[in-house]
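The values are calculated or read from the model by the stated rules, or taken from the named source; none is laboratory data. Treat the numbers as computed from the prediction; the structure is a model and nothing was measured. All Cβ positions, glycine included, derive from the backbone under ideal geometry; neighbour counts span all protein chains shown. To get the accessible areas, we keep the full protein, side chains included, count just its heavy atoms, and leave off ligands, DNA and RNA. Shrake-Rupley method; radii C 1.70, N 1.55, O 1.52, S 1.80 Å.
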Amino acid sequence: MRAIWKGAVSFGLVSIGVKLYSATEEKDIRFHQVHREDGGRIRYKRTCSVCGEEVTYDDIAKGYDIGGGEMVILTDEDFADLPLTSSRAIDVLEFVPAEQVDPILYNKAYFLEPEGTATKPYVLLRDALLDSERVAIVKVALRQREQLATLRVREGVLLLNTMLWPDEIRNPDFGFLDEDLKVRPPELAMASSLIDSMTGEFEPDVFTDDYRAALQEVIDAKVEGREVVQPEEAEQAPAAAVDLMAALKASVDRARAARGEQPSRGGGGEPTPISSARSAQKAAENKAAKAPAKQAATKKTAEKKVAEPAKKTAAKKTPAKKAEPAKKTAARKTTPRKSA
């Protein structure tokens, strides 16, 4: 790493010489704008919108637009007269508990390395911060701008976190904040269960930038002249669910399955708000499903009872009809015998 700043941490009457290093780096894949036909780099010229001439860096100043087409021009001399904190000092203002600093204020991070004979006071400040479990609030001037920052310890090294000023944080002015939205206890319990099923220890190394890896694969394939293997598309998130409870339950089951656990079932343990709500909902659904089935079964039984006597009556009438010709024949045979 290359030091980007040198100065001193002013801690009471103690001055600790330090070097400043960028603690982070972006891994974005950067591109140049080129001509599609021949790959030539696209160059931009700095031209004046008034006279049309090309302007060198030495002739460029800073201008502040005051509206109406008027511009106030500031030179390096104007900036030199500003009451800016010494560009070579990190002034410790106070020590506060780390949890009192809202993470939204953090901007950029820098490592501090002791310079020369400043190692002992550096270690003293580091150990004192660790023992007090506090962070130091400091002011520092970086790149011609005064910034608020914190000093804390990370892996045995002092870490400087520059911060945004409070008036640089926007207020979330959203309409739903004024709405009176009610969350049912079973829904809240199910959401809490989902959080519990997805709770773990944060290990940043297990997360990767899949987009950057896929883009690098495309670039490597272009360089090597081979075809790009299309990665499998990730499963898209479902649209907003109509049944919030069903969506939450499905999410809990999926999270448990990912951990190798059994999906949530109606068990024999003590009922919880979640299981009670599910049992009541399931009982209502079963009752509603059984009612039409019971009515249908009753109707079929009634129809069966009505049909059975009809069948028996028909069975009795049929033999009677078949016996009529036999009776008539017997009557005919008996009559001549009486007349003789």
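Figures for the structure shown
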read-out	value
Long-range amide H partners of VAL153 with built H, under 5 Å	LEU159
Region 35-142: trypsin sites (Lys or Arg not before Pro) in DSSP loop, at most 10 other beta carbons within 10 Å	ARG36, ARG43, LYS45
FRET E, pair THR24, THR199, Förster distance 25 Å, beta-carbon r, rounded to 0.05	0.40
Of all accessible heavy-atom area on region 5-44, the percent that carbon and sulfur account for (1.4 Å)	48 percent
Net charge, VAL138 excluded, C-beta distance under 15 Å - Lys, Arg +1, Asp, Glu -1	+4
At R0 = 45 Å, FRET efficiency that the Cβ-Cβ distance of ALA80 and ALA250 yields, to 0.05	0.10
Accessible area in square angstrom per residue, region 80-233, 1.4 angstrom probe	74 Å²
30 Å Cα-Cα threshold exceeded, pairs from LYS6/LYS27; LYS27/LYS222; LYS6/LYS45; LYS62/LYS108; LYS27/LYS249; LYS62/LYS139	LYS6/LYS45; LYS27/LYS249
Burial ranking of peptide ranges 162-171, 109-118, 203-212 (average Cβ count within 10 Å, highest at the top)	109-118, 162-171, 203-212
Where labels lie 7 Å past Cα in the beta-carbon direction, separation of GLU168 and ASP243 in nm	4.9 nm
Peptides 3-10, 27-34 ordered by average Cβ neighbours within 10 Å, highest first	3-10, 27-34
With every protein chain in place, region 61-169: carbon and sulfur % of accessible area (1.4 Å)	52 percent
In nm, spacing of pseudo-spin labels at LEU93 and LYS108 (7 Å Cα→C-beta vector)	2.0 nm
Amide hydrogen neighbours beyond the local backbone of ALA8, cut-off 5 Å, H modeled	VAL18, ALA89, ILE90
Neighbour net charge for ALA149 - beta-carbon separation under 11 angstrom, K R +1, D E -1	+1
